[in-house]
Amino acid sequence: MLYKTFSFLFPFLFLFASSKANLPEHKYCHPKVVASTIVLSSDRNIGQIYRSLNPNQFELPNIQSFTQALKGFYLLKEKGLIHKDILTLIDFSLSSNIKRLWVIDLVSNTILYHSLVAHGRNTGDEYAKSFSNADRSFKSSLGFYATGEIYNGKHGISLKLDGLEKGVNDNARARGVVIHPANYVSDSFIKNNKRLGRSQGCPAVPEELSKGIINTIKNKSCLFIYFTTNNLKVVSPLNS
């Protein structure tokens, strides 16, 4: 699992963006910490990146989930398993009735999308509780993924996913776990049913946002699905 390699990453090397063209005219301003320019990062510098995020009128993700996601992004980028400076974070510790998917451009440190997203029908009702890597479990899987290719399936334009963590999500492609649009991922469904609709294990997204999200994150970008218990002890492939 990815977390096993983090202990070998010290000391950390930092590269910072320093172009004055992108800085405001102020005698006290400091160079902006741009996520995509850092080769490896400590929690302190990830905190700086978090504080420099442009929310773009959206809510920011939880800093704990963002920290885990960004650490994994750097490691996967170093290994050549992802190519794009786009990070998609899904926080399944949150209610399905609120937006819990973020697509972040790590070049501009800007949140591009903040969206509802479904979990598997056997993972839980309003809240996700149980996860699986098994075929026909109809449960979601946690961990890091590389996005794959676009295809047209029964739900329309969809995006294949490759799970990168053995025993945790590496059956994703074989299971048909993909990002696809769904009419049950909507505010109207929540209003009528008191919770978001659920998938067969796919992180399904709203129909009106699906093309934009899929085209933005396709072809080897990083997707991380995160989960915590109520006491904030991280229960994810990055921690044991």
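Taking amide H atoms as placed 1.01 Å from N in the peptide plane, list the residues 5 or more away in sequence, or in a different chain, whose amide H sits under 5 Å from that of GLY120.
Those qualifying (amide H under 5 Å, at least 5 residues apart or on another chain) are SER140, SER199, GLY201.
Please give the length that would be gained between GLU207 and ASP125 if that part of the chain were fully extended, namely 0.36 nm times their separation in residues minus their C-alpha to C-alpha distance (nm, one decimal).
27.4 nm
Taking H placed 1.01 Å from N in the peptide plane, check which residues at least 5 places from ILE82 or on another chain put their amide H under 5 Å from its amide H.
Close amide H contacts, sequence-distant or interchain: LYS77.
Would you kindly derive the ³J(HN,Hα) couplings of the range 182-199 from the backbone phi angles with the Karplus curve 6.51 cos²θ - 1.76 cosθ + 1.60 (θ = phi - 60°), listing them in order in whole Hz, with x for Gly and Pro?
So the J values, rounded to whole Hz, are 8, 6, 7, 9, 7, 5, 5, 5, 4, 4, 7, 10, 6, 7, 5, x, 10, 9.
Quick one: length gained pulling ALA174 to ASP135 fully straight, 0.36 nm per residue minus the C-alpha distance?
Difference between extended and current length: 13.3 nm.
Which of the peptides 190-200, 100-110 is most tightly packed, and how do the rest follow, going by the mean number of other Cβ atoms within 10 Å of each residue? List each step's numbers first, then the result.
On the way: 190-200: 16.5, 100-110: 21.4.
Going from most to least packed, we get 100-110, 190-200.
Please tell me the relative contact order of the range 110-204 in percent, rounded to the nearest whole number, where contacts are Cα pairs under 8 Å and at least six residues apart.
33
What is the distance in Å between the Cα centres of the range 62-103 and the range 156-177?
16
Read-outs: derived from the displayed coordinates by stated rules, not from any lab. These figures come from a predicted structure and were not determined experimentally. Because the Cβ atoms are built from the backbone with ideal geometry, glycine has one as well, and the counts that use them run over all protein chains shown.
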